[in-house]
Amino acid sequence: MLTVVAATQNEHKLRELRDILEKSGMKVISQKDAGLEKTDVEENGETFEQNSFIKADAIMRLSGMIAVADDSGLEVDFLNGAPGVYSARYAGEHKSDLDNNNKLLKELSGVENRRARFVSVVTMVYPDGRVIYARGECPGTILEAPRGKGGFGYDPLFLPDGLDKTFAEVTQEEKNSVSHRAKALEKLEELLK
Ligand code: ITT
């Protein structure tokens, strides 16, 4: 069985990565399990691919194991793709998901075009230097007010195409049936075959 370290400090992402990768027969251990709970990796790339590689490569080097990272974010058409790679810190460093959501609502106040997409780039880095990239996207619409209590990040504001509930109102299974992260992981699985 392939054992990989999930190069993330985001518990929600860890759960989604684990759920999906374990279904394809991989064992996923957390950074904490690998003795790397608090790592300070600077995500100074300009693209999801660059930041995803930076995180996976750093954790592969520190653990000596195969590492998988996800770099993801929300691209809003009216904002020319913002917040994009800055999604986690849209309202500033160390601000909360709620702060980020409120900033997004303010930027889109009175705006009719609310089209957006979540993007995830999953990167697997092997100790022998091999690197595999997989990208997934999930199109949808930004609501005018949050709905639902589940999920994380921008989930309460995001209505994915094809579902009548936000990502904060659906089950994990429903989210995994359409999400950007699930699509990226599906592609990764194909590339691994
Ligand atoms: P790690 O870098 O430790 O993995 P992070 O949360 O900082 O955790 P990113 O740098 O990739 O991860 O930032 C992604 C941000 O994009 C995340 O904090 C959310 O605000 C948003 N995001 C990504 N995927 C999301 C999802 O499935 N649902 C809601 N928001 C999401």
Fill in the blank from the handout: Across region 66-83, the tally of residues that are of a type outside the set (Phe, Trp, Tyr) and part of a helix (DSSP H, G or I) stands at 2
Exercise for the section: Please determine, by comparing only the residues of region 65-86 that are more than 30 Å from residue 127 (Cβ to Cβ) and touching a residue at least 40 places away in the same chain (Cβ under 8 Å), which one is farthest from the ligand (Cβ to nearest atom). Expected result: 76
Fill in the blank from the handout: Checked pairs for region 42-57, first over 12 Å from residue 73 (Cα atoms) and of a type in the set (Asp, Glu), second within 10 Å of the ligand (Cβ to nearest atom) and open to solvent by 30 Å² or more (accessible area, probe 1.4 Å), C-beta under 7 Å and 6 or more apart or across chains, list as 43/54
Problem - Answer from 61, 15, 117, 89 - the residue that is open to solvent by 30 Å² or more (accessible area, probe 1.4 Å) and in contact with a Cys (Cβ under 7 Å, 6 or more places away or on another chain) - result: 117
Problem - Single condition residue 47 does not satisfy, out of (1) within 16 Å of the chain's Cα centre (by Cα); (2) modelled with pLDDT of 95 or more; (3) crowded, with 17+ Cβ neighbours inside 10 Å - result: (3)
Practice task
Looking at (1) open to solvent by less than 20 Å² (accessible area, probe 1.4 Å); (2) touching a helix residue (DSSP H, G or I) at 6+ places or on another chain (Cβ under 6 Å); (3) under 25 Å from residue 54 (Cβ atoms), find the lone condition where residue 101 falls short.
Solution key: (3)
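The values are calculated or read from the model by the stated rules, or taken from the named source; none is laboratory data. All values reported here derive from a predicted model rather than from experimental measurement. Note: ideal-geometry Cβ built from the backbone for every residue, glycine included; neighbour counts use all protein chains shown. What goes into the accessible areas is simple: the full protein's heavy atoms, side chains included, and nothing from ligands, DNA or RNA. Shrake-Rupley method; radii C 1.70, N 1.55, O 1.52, S 1.80 Å.
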